[in-house]
1. In whole percent, how big is the carbon plus sulfur part of the accessible area of the chain, probe 1.4 Å, protein atoms only?
2. Need the list of lysines near K51 for cross-linking: C-alpha distance under 30 angstrom, and skip anything on the same chain fewer than eight residues off.
3. Over the chain, with the other protein chains present, what is the accessible area per residue in square angstrom, probe 1.4 angstrom?
4. Once the mean 1/r over all distinct Cα pairs of the chain is inverted, what Kirkwood radius in angstroms do you read off?
5. Sum up the charges of everything whose Cβ sits under 14 Å from the Cβ of G47, counting Lys and Arg as +1 and Asp and Glu as -1, but leave G47 out.
6. For the stretch 1-101, state the semi-axes of the equivalent ellipsoid (square roots of 5 times the eigenvalues of the alpha-carbon gyration tensor), sorted largest first and rounded to whole angstrom.
Amino acid sequence: MLNLAIFGPPGCGKGTQSDFLIQKYGLIHISMGDLLRNEITEKTDIGLKAKSIIDQGLLVGDDLVTQLIERRIEKGAEKGFLFDGFPRTTLQCYILDGILANNNTSLKALINLETPEVILIQRLLERAKISGRSDDNEETIIRRLQEFKEKTLPVIDYYKKRNKVYNINGVGTIPEIEQKVQKQLESII
Ligand code: AP5
Ligand code: MG
């Protein structure tokens with residue numbers, strides 16, 4: 001199994017780079033944002049609880065996202081998983097490592113797309129014109145970025161201690177970043 005996590009602040013390109021990663025390595029894409037938005041569309045209990053939190057640009061509770069991640073991992077994967085937007089808190093790191101260990105596997109690498117805030121805001125405001133995402137507006141984008149710095153950055157420390165963090169400069173064209181990610185992964189796998 002090859003399990004990877006694509007990590008970084010809102011707008012760094014996690015979803016964009018996931019497209020090539022799942023194709024190249026045959027991985028199952030687990031985007032926590034997509035799973036949550038799906039729950040909202042389906043008006044499930046989790047979706048009803050998550051909606052106003054997402055609209056405020058805050059993180060949904062660890063208990064709710066854990067239910068979704070467990071459910072998805074239980075379905076299995078032939079070659080491995082690509083985690084996008086998970087883990088996002090230190091507790092979620094412990095939870096993910098625990099679930100993977102129970103399945104006799106582990107996270108191979110966390111790809112950290114380092115991107116300056118000014119570029120993130122530009123990209124998200126541009127996407128806001130077409131995305132239809134309720135959290136793509138200036139006020140919520142700023143909140144999401146704050147939440148990332150306060151609650152999500154510690155994820156890097158957790159995996160650094162375990163020698164699993166690979167930093168990639170997230171500035172450049174989409175194919176340029178794809179190439180950098182691929183080159184980095186070739187040296188690991
Ligand atoms: P989520 O959906 O994960 O949103 P996010 O992390 O804010 O990130 P985005 O999806 O907005 O950005 P991205 O990094 O995927 O970039 P993208 O490729 O789209 O989460 C949404 C919410 O759900 C959270 O705020 C939280 O409330 C909740 N949630 C999710 N996971 C959770 C968890 N684990 N725990 C608790 N709560 C959770 O690119 C962005 C734009 O830039 C696109 O338009 C793209 O085309 C463009 N772009 C990408 N790369 C480039 C490039 N190199 N050059 C130019 N443009 C580019
Ligand atoms: Mg995304």
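The values are calculated or read from the model by the stated rules, or taken from the named source; none is laboratory data. Nothing here was measured: the structure is a model prediction, and the numbers come from that model. A quick note on method: Cβ atoms are made from the backbone with ideal geometry, for glycine too, and the neighbour counts reach across all protein chains shown. Accessible surface areas use protein heavy atoms only, side chains included; no ligands, DNA or RNA. Shrake-Rupley method; radii C 1.70, N 1.55, O 1.52, S 1.80 Å.
1. On the way: 4770 of 9810 Å².
Of the solvent-accessible surface of the chain, carbon and sulfur hold 49 percent.
2. Once the sequence-local lysines are set aside, what remains near K51 is K14, K43, K75, K129, K149, K151.
3. Numbers: 9810 Å² over 189 residues.
Accessible area per residue, the chain: 52 Å².
4. Details: mean 1/r = 0.0593 Å⁻¹.
That comes to 16.9 Å for the chain.
5. Details: positive: R37, K43, K49, K51, R71; negative: D34, E39, E42, D45, D55.
It works out to a net charge of 0.
6. Working: eigenvalues 92, 48, 36 Å².
Ellipsoid semi-axes (Å, largest first): 22, 15, 13.
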